[in-house]
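For reference, the structure discussed in these notes is given below.
Nothing in this text is a laboratory measurement; each read-out follows from the coordinates by a stated rule. All figures in this text were calculated on a predicted structure; none of them were measured in a lab. A quick note on method: Cβ atoms are made from the backbone with ideal geometry, for glycine too, and the neighbour counts reach across all protein chains shown.
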Amino acid sequence: MDVGAGTRDLLRRDRPDVESNSKILAGPRPNGATLGSNRDTTRQHNLSTVLGLVHSHTELSRAELTRLTGLNRSTIAVLVGELVQLGLVLENEPDQRQQHGRPSIMITPGPSVLALAVNPDIDAVNVALVALGGRIVNPVRFHTVAPPSTAEVVNIVSAIYTGMVASLPKDQRVLGVGVAVPGLVDPVDGTVIEAPQLGWQEQRLATQLSEALGLPVSCANDAIVGARAQATFGAGREVSDFVYLFGGASGIAGGILSGGQLLRGATGFAGQLGHTLVRTDGASCSCGSTGCLEAEVTREELLQASGVPADLAEELEATILELFESGTASESLRDLVTRQSQLLSVALRTLVRQLNPSLIILGGFLRILAKLCPSVLDEAVHAAGARGEREHVTIELAPLGEDPVIVGAAELAFEDLLANPARALSTDATPTAD
Ligand SMILES: [Zn+2]
């Protein structure tokens, strides 16, 4: 890690309001961490900064914290001590395997607070408890025969949550719920404005879940949530300008980090990258237009061409790569992969020109296209950078699976804690839904 990354983290924590999400709050809403004039505000800001760094790096020594924050050693010791008392971080035994110098005490996120992460999809409801540091504790994928209604999501999550809470140790508690929705979410009150693949319109999911669980609930678009996970833990942690594209069952979603901030637009709906025009005479899209990226490049077509059933979609990448490696991929599958890669490259060229990112992160089934046709995507991205080396853009792959969405959903629920650790825990003592 470098000092630059730490500085960016400090800057991001200064602006917790930039994220595109909304929250039904169970208590008074704490303000974000800002550097204030009095001692208490400074302490709160510093606690927030140190907890944020331990959370996103998942393991740091006191010396690294000193270097990353610019605070002196004794201040770091006091702050870490306070976070240990709150149960938010642990000071671990020194690593004796360290070869040079005195072994350092490593500070890691504590297990005492958890977030409940929820991600409804067209054929399942994904639910997991997530600890600080983005550690997924016990993921559950509850399959549904049809896209779930919001009432079904509330019932499924309630039942799973009841079972999870019953088996939690006494010193662990759930602070809140973060929901990643494959659709448009009103950033003010968490209403799902529309989620076409789920058949939802104007659904007050955050309110319904909060009433059922007695916990504060935040909702946001799944791609924005995934981008947030990339910015905190993933490939995007070291850069301040990236474009994240995720291809899933519900289409292609995206998120943009620009100048260290997630782009949200005037009303919170920026970054609908799946609706980037890639073919003027293309297929009809769920948005009412034609030729959008997500109408042209679909997981469904890849499943059909490779003979993988939808309920085994997690095996799609391994199956297709195996077919190509063994030389047994059908001609229709080869043609499809080439066509999808070319259409994706059209979208990437537009995005690079418009947003000037230093990194493009591809997740979900888009990983397959990047693995099988890397030169098509690379050429498109570099053709878009008009000034050569100065506009160098790299393409990286998000980790396999849906985890960035679950980890990012949990980030929604941890937002207040990370902004003001001591206050969030004191106001959270008796959670009640509005
Ligand atoms: Zn569209």
Estimated 222 nm signal from helices in the chain, with DSSP H stretches of n ≥ 4 weighted -39500 (n - 2.57), rounded to 500: -12500 deg cm²/dmol
Length added when fully stretched, residue 173-residue 202, from 0.36 nm per residue minus Cα-Cα: 7.3 nm
Added length on full extension, which subtracts the Cα-Cα distance from 0.36 nm per residue, residue 314 to residue 326: 2.3 nm
nm² value of the averaged projected area, convex hull over the Cα atoms of the chain: 22.7 nm²
Dipole axis of the chain (+1 Lys, Arg; -1 Asp, Glu on Cβ), positive-most option in 375, 136, 52: 52
Net dipole in debye of the range 239-397 [+1 Lys, Arg Cβ; -1 Asp, Glu Cβ; about Cα centre; nearest 20]: 640 debye
Degrees between helix 374-384 axis and first principal axis of the chain (Cα, 0 to 90, nearest 10): 80 degrees
Between 0 and 90°, nearest 10: helix 73-85 axis offset from the chain longest Cα axis: 80 degrees
10 Å Cβ shell holding at most 12 others, DSSP loop, trypsin sites (Lys or Arg not before Pro): longest site-free stretch of the chain: 171-386
Peptides ranked, highest mean first, by Cβ atoms within 10 Å: ranges 181-187, 287-293: 181-187, 287-293
Signed unit charges on C-beta, dipole axis of the chain, positive-most listed residue 92, 397, 127: 92
Distance between modelled label sites at residue 356 and residue 258, nm, 7 Å Cα→Cβ extension: 1.1 nm
Förster-model FRET efficiency, 35 Å R0, residue 74 and residue 188, C-beta, rounded to 0.05: 0.20
Debye, to nearest 20: dipole size of the chain, +1 on Lys, Arg Cβ, -1 on Asp, Glu Cβ: 1400 debye
Helix axis angle, 222-232 relative to the chain longest principal axis, alpha carbon, degrees: 50 degrees
